[in-house]
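Asks: Take a look at this one; I'll ask things after.
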Amino acid sequence: MSGPSRTNAILGGILAVCTAAGVLHFAESEPVVVFLVSAAALAGLAWAIGVATEVVGARFGPGLTGLLQSTLGNLPELFVVVFALSAGEVVVAQTSILGSLFANALLVLGLAIVAGSFVARDGVMRFRNRLPNDTATLLLLAVFIIVLLGLSDTVGDRASKHVVAISAVGAVCLLLVYALWLWGYLRSEERDPAIEDGTHAPFSFRAGIAVLAVAGVGAALVSDWFVDALDPAVKSLGISKAFTGLVIVAIAGNAVENLVGITLAAKGRSDLAISVIKNSVAQIAVFLFPALVLVSLFFEHRLTFVLAPVYIGALVVMALAVWQVTGDGEAVAFEGWALVAIYIVLAVLTFYE
């Protein structure tokens, strides 16, 4: 079977698994079965988005492609948080956002660095350093607002009585800064010769756009079914809502970025891999989180930037670690493993919360 035929056959299989997940979900089948089938569907959709991302990258370059993929890949988080807020599950909503941020900035980025370093001839993964430095600046801005509100809430000063209003103002500021950065970044983005030279695309550019769009929407729907089946399963295990949101939902919802970023790095597409992962981190910190803070104003239960001290500390360490590891435009395997280790320690701590 030729390359394109094999790709089409795999895409057909993924569509069949996604359809099965939907049928099981709406038929209210056993939650464990829905959970397993939805997990398989998510993995398949992640593969489809990875293939389509490389095809689209041949035309647009890593900057716009990474932005597009990250936007579609973050749709599951958007739906999870909105559904959680409407149900009054503020803890799940908040930890789902934080979990997505930690999973991408620590776990996925760390594994991508390990994969990229392994295939590099000298063991050093190299990439353009503008996006990592820009992402670090955006992260520090978001962390500043979170730390400021966290300290105010801890000491109980006068401002702590107005956290909703302050969070709304902070959200608007973050969105404006993100829009200004995005405009300048995309205008100055250069094409990536490593991607332009690829000649083995499994389908056309238009087909790549279609697959990317359909798979992104499919990831959002399947993630919703996955999360819906997840709650009954974890209750029997006695797992906390914080651990569910911060680790399980985050990893499941970021299955797209998990596989795409690591696979691209393993293929030597360092700039595109970093673009996919770092754009996702930036979007979660200064677009998705503040946007959902504003959206929550229309719900009875409000989402704010006030977090538990342990998560504030983890965010500060995360921002500094990401800046240190990627700021110079190169990274080696042990630095990737260091990021993964930070994530594992945080996950274990959350498990015992």
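Asks: Hey, with R₀ at 25 Å, roughly what FRET efficiency would VAL169 and VAL82 work out to, going by the Cβ-Cβ distance, to 0.05? Working shown, then result.
Replies: Values: r = 22 Å, r/R0 = 0.87.
Rounded to the nearest 0.05, the efficiency is 0.70.
Asks: Further question: Per-residue ellipticity at 222 nm for the chain, helices alone: DSSP H runs ≥ 4 residues times -39500 (n - 2.57), over residue total, nearest 500 deg cm²/dmol? Intermediate values should be presented prior to the final figure.
Replies: Values: 16 runs with 263 residues, N = 353.
It lands at -25000 deg cm²/dmol.
Asks: Based on the mean of other beta carbon atoms within 10 Å per residue, what is the order of 164-173, 26-35, 105-114, most packed first? Intermediate results must be reported in sequence, preceding the final value.
Replies: Working: 164-173: 17.7, 26-35: 14.7, 105-114: 27.4.
Order by mean packing, descending: 105-114, 164-173, 26-35.
Asks: Right, here's the next one. Chymotrypsin sites (Phe, Trp or Tyr not before Pro) within region 302-353: which are DSSP loop residues with at most 14 other Cβ atoms inside 10 Å? Let's see the in-between values first.
Replies: Details: sites: PHE305, TYR311, TRP323, PHE334, TRP337, TYR343, PHE351, TYR352; in loops: PHE305, TYR352.
Answer in residue order: TYR352.
Asks: Multiplying the sequence separation of LEU294 and SER29 by 0.36 nm and subtracting their Cα-Cα distance, what value in nm do you get?
Replies: Full extension from LEU294 to SER29 adds 91.8 nm.
Asks: Please sort 293-304, 88-99 by packing, taking for each peptide the average over its residues of neighbouring beta carbons within 10 angstrom, highest first.
Replies: Working: 293-304: 15.9, 88-99: 23.2.
Going by the mean number of other Cβ atoms within 10 Å, highest first, we get 88-99, 293-304.
Asks: Give me the number: length gained by fully extending GLN324 to PHE205, i.e. 0.36 nm times residue separation minus the C-alpha to C-alpha distance, one decimal in nm. Kindly include the intermediate steps, with their values, before the conclusion.
Replies: Numbers: separation 119, 0.36 × 119 = 42.84 nm, distance 3.65 nm.
Gain in length upon complete extension: 39.2 nm.
Asks: Volume per residue, Å³, of the convex hull around the alpha-carbon atoms of the chain?
Replies: Numbers: hull volume 46.8 nm³, N = 353.
Hull volume over Cα atoms, normalised by residue count, gives 133 Å³.
Asks: Okay, moving on. Counting only protein heavy atoms and a 1.4 Å probe, tell me what percentage of the chain's accessible area is made up of carbon and sulfur.
Replies: Values: 10620 of 15420 Å².
Accessible surface attributable to carbon and sulfur in the chain totals 69 percent.
Asks: Shifting gears a bit: Which ³J(HN,Hα) values in Hz, rounded to whole numbers, follow from the phi angles of region 327-339 under the Karplus curve 6.51 cos²θ - 1.76 cosθ + 1.60, where θ = phi - 60° and Gly and Pro get x?
Replies: Each residue's phi maps through the Karplus curve to give x, 8, x, 8, 8, 10, 4, 5, 5, x, 5, 5, 5 Hz.
Asks: According to a simple spin-label model (label point 7 Å from Cα along Cα-to-Cβ), what is the distance in nm between PHE118 and SER240?
Replies: So the label points at SER240 and PHE118 sit 3.3 nm apart.
Asks: Send over a whole-number figure in Å² for the accessible area per residue of the chain, probe 1.4 Å.
Replies: Numbers: 15420 Å² over 353 residues.
So the chain comes to 44 Å² accessible per residue, rounded to a whole number.
Asks: Any idea what log10 I(q)/I(0) is at q = 0.16, 0.23 Å⁻¹ for region 213-305, Debye with uniform C-alpha scatterers and no solvent?
Replies: These q points yield log10 I(q)/I(0) values of -0.88, -1.27.
Asks: Note the full-extension length gain between ALA213 and VAL345 as 0.36 nm times their separation in residues minus their Cα-Cα distance, in nm to one decimal. Please report the intermediate quantities before stating the final value.
Replies: Values: separation 132, 0.36 × 132 = 47.52 nm, distance 3.52 nm.
Once the chain is fully extended between ALA213 and VAL345, it gains 44.0 nm.
Asks: Still on this structure, I have one more. When the label point is put 7 Å from the Cα of ASN8 along its Cα-to-beta-carbon vector, which residues of region 38-57 have a backbone N closer than 16 Å?
Replies: From region 38-57, the list is empty.
The values are calculated or read from the model by the stated rules, or taken from the named source; none is laboratory data. As the structure is a computational prediction, the values presented were derived from the model and not from experiment. Reconstructed Cβ throughout: ideal geometry from the backbone, glycine too, with neighbour counts over all protein chains shown. Ligands, DNA and RNA are stripped out before the accessible areas are found, and what is left, the full protein with its side chains, is counted by its heavy atoms. Shrake-Rupley method; radii C 1.70, N 1.55, O 1.52, S 1.80 Å.
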